[in-house]
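> Quick one: the structure is below, and I'll ask about it shortly.
The values are calculated or read from the model by the stated rules, or taken from the named source; none is laboratory data. Every value quoted in this text rests on a predicted model; they were computed, and no experiment measured them. In this analysis, Cβ positions are derived from the backbone assuming ideal geometry, glycine residues included, and neighbour counts consider all displayed protein chains. Ligands, DNA and RNA are excluded from the accessible area calculation, which covers all protein heavy atoms including side chains. Shrake-Rupley method; radii C 1.70, N 1.55, O 1.52, S 1.80 Å.
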Amino acid sequence: ESPTAAPPGGVDYHCPTGGLPRFFRRTFADFPPARAYLKADPAKVAAWRRRLNDLGPGLKTGMVWRSPLVSAHRRRLYAGIDDLAPIFAVPGLSLVSLQYGDSQAEIAEASAKYGATIHVFSDLDLFNDFDGLAALIEALDVVVGPPTTTVMLAGGLGKRTCVFVRTHPWSWLGQVENPFFPSFR
């Protein structure tokens, strides 16, 4: 398929984002083997590791379950607290909220219904402090959640990430593993 005959805005050519792989990464061998292309501030990561160690033993697991942007289409990508019940039942997890926006009611519901303890670091603005969020993610053992900005950041950091997907989106290029984020499962 060629670029459109009448590109918008008087440009010479344009290509939909989904069409770029045909020009830049035509085979899976064209993807770099690197697991991370972002790096968090080492001093901030060390500070978060100390704080996470204070939570006690257990796999430090960051959780996000939705974006504040909820539309009919996006709603089906997100998890509710009841959907997360199997995670709450896994022994040995220290759960850390990576959920930005108002989530206090959902965290209270998880505690009341499932006895889940989800640690919240209220001194970190998960929406506006991207450097702080990156450092926290780097200090965690694993991140779980749907495709949100937080999960994409975890992928960019090469963090082991379990992504909630009902079907593999086009960006996974028909693969079980996401070639853009090899740490996704």
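> From 96, 45, 64, which residue is within 24 Å of residue 130 (Cα to Cα), in contact with a Pro (Cβ under 8 Å, 6 or more places away or on another chain) and of a type in the set (Val, Ile, Thr)?
64
> Restricting to the range 56-81, what's the tally of residues that are open to solvent by 50 Å² or more (accessible area, probe 1.4 Å) and at pLDDT 80 or above?
Within the range 56-81, residues that are open to solvent by 50 Å² or more (accessible area, probe 1.4 Å) and at pLDDT 80 or above number 2.
> Taking the range 105-149 on its own, how many of its residues are touching a residue at least 12 places away in the same chain (Cβ under 8 Å) and either of a type in the set (Val, Ile, Thr) or part of a helix (DSSP H, G or I) (or both)?
Matching residues across the range 105-149 total 24.
> Can we say residue 112 is open to solvent by less than 10 Å² (accessible area, probe 1.4 Å) and at pLDDT 95 or above?
no
> Something else about it: Could you list, in sequence order, the residues of the range 39-84 that are part of a helix (DSSP H, G or I), within 19 Å of the chain's Cα centre (by Cα) and closer than 22 Å to residue 146 by Cα?
73, 74, 75, 83, 84
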